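Undergrad: Here it is: the structure, laid out below.
The values are calculated or read from the model by the stated rules, or taken from the named source; none is laboratory data. As the structure is a prediction and not an experimental result, all values here were calculated from the model. Every residue, glycine among them, receives a Cβ derived from its backbone with ideal geometry; neighbour counts consider all protein chains shown. Remember, those area values only see protein heavy atoms, side chains included, never the ligands or the DNA or RNA. Shrake-Rupley method; radii C 1.70, N 1.55, O 1.52, S 1.80 Å.
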Amino acid sequence: MQIVKDFLLNVLIVSLPFILYPYLYRLKERRMVYRTLLAILFAVSIIVTMCFPVGLNGINYDLRSVPLAVGSLYGGGWVALALFGTLVLGRELLGFPDTGWYLLAMIPTYCCALLAIRCFRTTSVRWKIGIAFIMCSLIKLITLPLYYAFTDSPLNVFGDPLAMMFLYLFQGVLAGLFVYMIEFLNNYYQMQEEVVRSEKMRLVSEMAASVAHEIRNPLTAVRGFIHLLGAPGVNEEKRIFYRDICFTELERAELIISDYLSLARTDPETVETIDVNAEVNYLTNILLTYANLNNIKLLAELPDSAPLHTRGDRIKFRQALINIGKNAIEAMPDGGTLELRAERRFNKAVLHITDTGCGMTPAQVSRLGTPFYSTKEKGTGLGTMISFSIIKKMEGKIEVKSEEGKGTKFTLVLPEAKAE
């Protein structure tokens, strides 16, 4: 049992660099940092596994060849030199004899490692696994016979041939397994990056198409009415009517452009303490006329205790509230009730905006706040997306609950701040 425990401990030690490899992958573009951290991780693994060898039939075994081989193959020549140097230095610090002869015996193995590194970079995964297996075995099969020959004790190589063969085979298989895992992670991250890149290109294409479509509509109307203004025989009353339509369509185009600019500038320009109660009162006054025009009853409820405060850009916070409030009113074409309610909940400032409109399906709710998605016939979805982005920049979140035919409830949860 003690042998099994020591053996499993060695496996765990040599697995440590591979467990941490996903974090190293993110630094791959910074080559010096990546290689330095790679060398440190595998060097620590080599030293620690040498400190906890497996004793079998009077001979100590360890799995140092696995991190030495795999670290050299993925790190390159300089990392390989650092790892081979770490191995020699570790032997000296741990009190092993004849370090000079061992260093001399390692030179042919290091040359084989350099040759393997050159082949390793451009070959397939299967060949990489094979190269790791062969190199891991050669580290022992070349170094140990030379070392024992230099120290006049060649028979030690064959102290326990069966145990040694099993150990070498296991080390090679373990090295190949780790190479397979690293290649699998590399392919996975590359596919992930490709998906992200494709998604960005798709969003850019959709953005360009949306901008062209949204602005072309009012411009087409303006162009048509300008032609009518220049037509002969048009009386003054019609000219004024056509001119007003042109101005209205140009204002609509300006609003669309403003929405796109707001989408690009959701970062807070000035961070200050915001009185949530005061903002609810402000929102009530802004929406009151619009609500009356649509036959909607507007209710506001504020906490009786101390006022609620949060931190962020006041102007952008108002923009987010107005976007959500206007959408709620437009979701009740036949009238209804819009309720604004603020409360304190576990050191959070919580604002509820509830309507009794047409509601949404779960699929619509899940897509809310995504680019170019709107439940309105002529909507762009940018207003809701901007609102979500503004609240997120304030370290808050928006929760949406909706049911078709019964209405929708937006809940804004924001971190509470102390009043200045």
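Undergrad: Considering only segment 24-43, state which residues are in contact (Cβ under 8 Å) with a residue 24 or more places away in the chain and out of contact with any Ser or Thr (no Cβ under 7 Å at 6 or more places or on another chain).
TA: First pass over segment 24-43, keeping only residues in contact (Cβ under 8 Å) with a residue 24 or more places away in the chain: 25, 35, 38-39, 41-43.
Selection gives 25, 35, 38, 39, 41, 42.
Undergrad: While we're looking at this one, here's another question. From the residues in segment 116-130 that are among the charged types (D, E, K, R) and part of a helix (DSSP H, G or I), which one is least open to solvent (accessible area, probe 1.4 Å)?
TA: Selected residue: 128.
Undergrad: I would also like to ask the following. Enumerate the strands (runs of 3 or more DSSP E) found wholly within segment 309-368, keeping only those where 2 or more residues are over 34 Å from the mean Cα position of the chain (by Cα) and either surrounded by 21 or more Cβ atoms within 10 Å (Cβ to Cβ) or modelled with pLDDT of 90 or more (or both).
TA: Details: elements: 309-312, 336-344, 348-355.
Ranges flagged: 336-344.
Undergrad: For segment 291-303, what are the residues that are under 41 Å from the mean Cα position of the chain (by Cα) and surrounded by fewer than 16 Cβ atoms within 10 Å (Cβ to Cβ)?
TA: Across segment 291-303, the qualifying residues are 299, 301, 303.
Undergrad: Now, a different point. Could you list, in sequence order, the residues of segment 399-420 that are in a strand (DSSP E or B) and under 24 Å from residue 332 (Cα atoms)?
TA: Filtering segment 399-420 for residues in a strand (DSSP E or B) gives 399-403, 407-415.
The answer is 399, 400, 401, 402, 403, 407, 408, 409, 410, 411, 412.
Undergrad: Just wondering, is there one or more residues in segment 189-201 that are under 15 Å from residue 65 (Cβ atoms), modelled with pLDDT of 85 or more and assigned to a helix (DSSP H, G or I)? Give the steps one after another, and end with the answer.
TA: Looking only at segment 189-201, we keep the residues that are under 15 Å from residue 65 (Cβ atoms), and these are none.
So far as segment 189-201 goes, no, none of its residues is under 15 Å from residue 65 (Cβ atoms), modelled with pLDDT of 85 or more and assigned to a helix (DSSP H, G or I).
Undergrad: Considering only residues of segment 171-191 that are aliphatic (A, V, I, L, M) and open to solvent by less than 10 Å² (accessible area, probe 1.4 Å), which is nearest to the chain's Cα centre (by Cα)? Working first, answer last.
TA: To start, the set of residues in segment 171-191 that are aliphatic (A, V, I, L, M) comprises 173-175, 177, 179, 181-182, 185, 191.
The next check asks that each one be open to solvent by less than 10 Å² (accessible area, probe 1.4 Å); those that pass are 175, 179, 182.
On the way: 175: 30, 179: 25, 182: 20 Å.
So, considering only residues that are aliphatic (A, V, I, L, M) and open to solvent by less than 10 Å² (accessible area, probe 1.4 Å), the one nearest to the chain's Cα centre (by Cα) is 182.
Undergrad: Hey, another quick one. Please go through segment 369-392 and pick out each residue that is crowded, with 17+ Cβ neighbours inside 10 Å, at pLDDT 60 or above and not small (Gly, Ala, Ser).
TA: 375, 382, 384, 385, 386, 388, 390, 391
Undergrad: Given the structure, is residue 113 open to solvent by less than 50 Å² (accessible area, probe 1.4 Å), part of a helix (DSSP H, G or I) and under 30 Å from residue 187 (Cβ atoms)?
TA: Working: open to solvent by less than 50 Å² (accessible area, probe 1.4 Å): yes; part of a helix (DSSP H, G or I): yes; under 30 Å from residue 187 (Cβ atoms): yes.
Yes: the conditions hold for residue 113.
Undergrad: Examine segment 131-148 for a residue that is more than 20 Å from residue 70 (Cα to Cα), assigned to a loop (DSSP other than H, G, I, E, B), touching a residue at least 12 places away in the same chain (Cβ under 8 Å) and in contact with a helix residue (DSSP H, G or I) (Cβ under 9 Å, 6 or more places away or on another chain), and state whether such a residue exists. Lay out the reasoning, then the answer.
TA: Initial filter on segment 131-148 (more than 20 Å from residue 70 (Cα to Cα)): 145-148.
With the extra rule that they be assigned to a loop (DSSP other than H, G, I, E, B), the set shrinks to none.
Scanning segment 131-148, I find no residue that is more than 20 Å from residue 70 (Cα to Cα), assigned to a loop (DSSP other than H, G, I, E, B), touching a residue at least 12 places away in the same chain (Cβ under 8 Å) and in contact with a helix residue (DSSP H, G or I) (Cβ under 9 Å, 6 or more places away or on another chain), so the answer is no.
Undergrad: Still on this model: Failed condition for residue 406, given (1) under 27 Å from the mean Cα position of the chain (by Cα); (2) of a type outside the set (S, T, N, Q); (3) modelled with pLDDT under 90; (4) open to solvent by 30 Å² or more (accessible area, probe 1.4 Å), with all others met?
TA: It is condition (1) that residue 406 fails.
Undergrad: Same structure again: Taking the condition of being open to solvent by 20 Å² or more (accessible area, probe 1.4 Å) and closer than 22 Å to residue 9 by Cβ, how many residues in segment 64-88 meet it?
TA: The total comes to 2.
Undergrad: List pairs: first in segment 393-420 and touching a residue at least 12 places away in the same chain (Cβ under 8 Å), second outside any strand (DSSP E or B) and open to solvent by 100 Å² or more (accessible area, probe 1.4 Å), Cβ under 7 Å, 6+ apart or cross-chain?
TA: 415/395; 416/347
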